[in-house]
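Enquirer: The following block contains the structure, expressed as structure tokens.
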Amino acid sequence: MTVKDITKILEELAPLAHAEDFDNVGLLVGDHNMTVSGVLVTLDTLENVVDEAISKKCNLVVSFHPIIFSGLKKLTGSTYVERVVMKAIANNIAIYSMHTALDNSKNGVNAKICEVLGIQNPKILIPKAGTIKKLTTYVPNGESEVVKSALFGAGAGEIGKYSNCSFSLEGKGSFIAGDEANPTVGTIGEVHVEKETQINVIYSFEKEQKILEALFNAHSYEEVAYEIFVLQNVNQDIGMGMVGTLENEMDETGFLQFVKKKMNASMVRHSKLLGKKVKKVAVLGGSGAYAISAAKRAQADIFVTSDLKYHQFFEAEDQLVLADIGHFETEQFTKDLLVDYLTKKIPNFAVSLSESKTNPIKYL
């Protein structure tokens with residue numbers, strides 16, 4: 001398999017289009033067409049991880065965090081980032097990062113936290129805006145089923161747990177074909193009126209190119225009339241954080257101790273306890289202060305995340321408990337998720353879980 005073959009599988013789980021605009025995801029080092037001898041999955045790509053990849057004969061490192069985040073102006077080995085990139089290039093090792101593309105996946109980072117903590121029926125906490133689009137097109141009546149089938153095959157018309165969703169109206173379309181046109185129906189220079197069907201379908205924005213290609217290939221007209229609209233509808237499948245419920249409610253102290261144990265956290269920083277039972281829990285792997293208001297709107301009893309600053313703990317405002325368990329700790333199981341996913345998708349291929357320690361924070 002090539003790097004492109006494997007990253008295509010990863011992008012079925014977390015399309016790169018779902019990453020945040022500020023992020024740097026995808027293939028950061030290497031050649032898409034390189035044949036892969038083995039895959040090493042890690043949270044961070046550090047020098048010891050590249051050494052591990054060399055020793056295990058893995059020439060593709062799949063990393064959650066991107067080793068290159070901002071632009072590199074030189075490669076002299078003066079920083080850990082430069083040294084990692086130089087070592088990877090010298091040893092012909094490719095590096096691929098998923099980061100916020102996987103954060104925004106309904107089966108990604110936060111789904112794994114929910115699994116570890118036993119949170120049931122999780123839903124996206126902050127749905128990603130502007131990710132649902134609507135396509136309207138017009139086809140001759142006799143072609144409507146063929147065109148709809150092509151659009152559905154390209155991924156259009158999926159709403160939650162339903163597929164092949166559309167809405168159609170019949171009417172009349174008119175045009176005059178110009179001198180250089182090659183019309184499927186009608187005569188050059190004359191007004192032609194055709195009985196047509198208006199087809200409306202929605203789709204997730206990353207599928208747009210494939211859907212338009214399907215439309216153009218299935219449609220008989222030389223010039224295809226279509227319109228695209230960005231919708232404000234909530235996307236159930238893309239976004240940051242998750243919120244769900246525990247099977248059995250717990251007291252606050254007991255739940256925090258449970259989280260500390262299950263997430264292998266050395267310590268838990270938290271806001272004032274409210275003396276309430278914990279039933280509804282919000283989670284967000286990595287730095288999650290921006291989601292405090294969303295957790296309150298979701299009426300969560302507790303919000304588990306990391307990297308909260310002093311003043312951000314005041315934002316709990318006696319509405320919920322904020323729990324900061326550490327950045328690494330919230331994301332540590334991500335590499336297990338990716339190894340399990342790749343092993344199921346390509347069971348006869350060498351996929352290894354990195355054993356290298358990458359957490360830069362130590363505790364007394």
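The values are calculated or read from the model by the stated rules, or taken from the named source; none is laboratory data. Here the structure is a predicted model, which is why all the values come from computation and not from measurement. In this analysis, Cβ positions are derived from the backbone assuming ideal geometry, glycine residues included, and neighbour counts consider all displayed protein chains. For accessibility, only protein heavy atoms count, side chains too; no ligands or nucleic acids. Shrake-Rupley method; radii C 1.70, N 1.55, O 1.52, S 1.80 Å.
Enquirer: Mind checking which residues of segment 1-26 are open to solvent by less than 40 Å² (accessible area, probe 1.4 Å) and either under 29 Å from I126 (Cα atoms) or touching a helix residue (DSSP H, G or I) at 6+ places or on another chain (Cβ under 8 Å) (or both)? Walk me through it before giving the result.
Expert: Going through segment 1-26, the residues open to solvent by less than 40 Å² (accessible area, probe 1.4 Å) turn out to be 2-3, 6-7, 9-10, 13-15, 18-19, 23, 25-26.
The answer is I6, T7, I9, L10, L13, A14, P15, H18, A19, D23, V25, G26.
Enquirer: Which numbered condition trips up H65, out of (1) open to solvent by less than 70 Å² (accessible area, probe 1.4 Å); (2) over 20 Å from P360 (Cα atoms); (3) part of a loop (DSSP other than H, G, I, E, B); (4) not hydrophobic (A, V, I, L, M, F, W, C)?
Expert: Just one mismatch for H65, condition (2).
Enquirer: If you don't mind, another one. Tell me yes or no: at least one residue of segment 16-27 is farther than 19 Å from V109 by Cβ and without any contact (Cβ under 8 Å) to a residue 12 or more places away in the chain.
Expert: Of segment 16-27, the ones farther than 19 Å from V109 by Cβ are 27.
Retained after the next criterion (residues that are without any contact (Cβ under 8 Å) to a residue 12 or more places away in the chain): none.
No; the residues of segment 16-27 include none that is farther than 19 Å from V109 by Cβ and without any contact (Cβ under 8 Å) to a residue 12 or more places away in the chain.
Enquirer: Here's a follow-up. Could you tell me whether segment 210-220 includes any residue that is closer than 30 Å to K134 by Cα, touching a residue at least 60 places away in the same chain (Cβ under 8 Å), surrounded by fewer than 18 Cβ atoms within 10 Å (Cβ to Cβ) and touching a helix residue (DSSP H, G or I) at 6+ places or on another chain (Cβ under 9 Å)?
Expert: Within segment 210-220 (the criterion being closer than 30 Å to K134 by Cα, touching a residue at least 60 places away in the same chain (Cβ under 8 Å), surrounded by fewer than 18 Cβ atoms within 10 Å (Cβ to Cβ) and touching a helix residue (DSSP H, G or I) at 6+ places or on another chain (Cβ under 9 Å)), the answer is yes, since at least one residue qualifies.
Enquirer: Surrounded by fewer than 22 Cβ atoms within 10 Å (Cβ to Cβ) and polar (S, T, N, Q): does that describe S70? Steps first, please.
Expert: Working: surrounded by fewer than 22 Cβ atoms within 10 Å (Cβ to Cβ): yes; polar (S, T, N, Q): yes.
Here the answer is yes, as S70 does meet what is asked.
Enquirer: Would segment 75-96 turn up any residue that is within 18 Å of L353 (Cα to Cα) and within 20 Å of the chain's Cα centre (by Cα)?
Expert: yes
Conditions tested, residue by residue: (1) open to solvent by less than 20 Å² (accessible area, probe 1.4 Å); (2) modelled with pLDDT under 95; (3) basic (K, R); (4) in contact with a Ser or Thr (Cβ under 6 Å, 6 or more places away or on another chain).
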position: L284; (1), (2), (3), (4): yes, no, no, yes
position: A294; (1), (2), (3), (4): yes, no, no, no
position: T305; (1), (2), (3), (4): yes, no, no, no
position: L308; (1), (2), (3), (4): yes, no, no, no
position: T330; (1), (2), (3), (4): yes, no, no, yes
position: D336; (1), (2), (3), (4): no, no, no, no
position: K344; (1), (2), (3), (4): no, no, yes, no
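Enquirer: Now a separate question. Would you tally the residues in segment 182-209 being without any contact (Cβ under 8 Å) to a residue 60 or more places away in the chain and touching a Phe, Trp or Tyr at 6+ places or on another chain (Cβ under 9 Å)? First the steps, then the outcome.
Expert: Step one: list which residues in segment 182-209 are without any contact (Cβ under 8 Å) to a residue 60 or more places away in the chain, which gives 182-197, 207, 209.
Filter once more, keeping what is touching a Phe, Trp or Tyr at 6+ places or on another chain (Cβ under 9 Å): 183-186, 191-194, 196-197.
Final tally of qualifying residues: 10.
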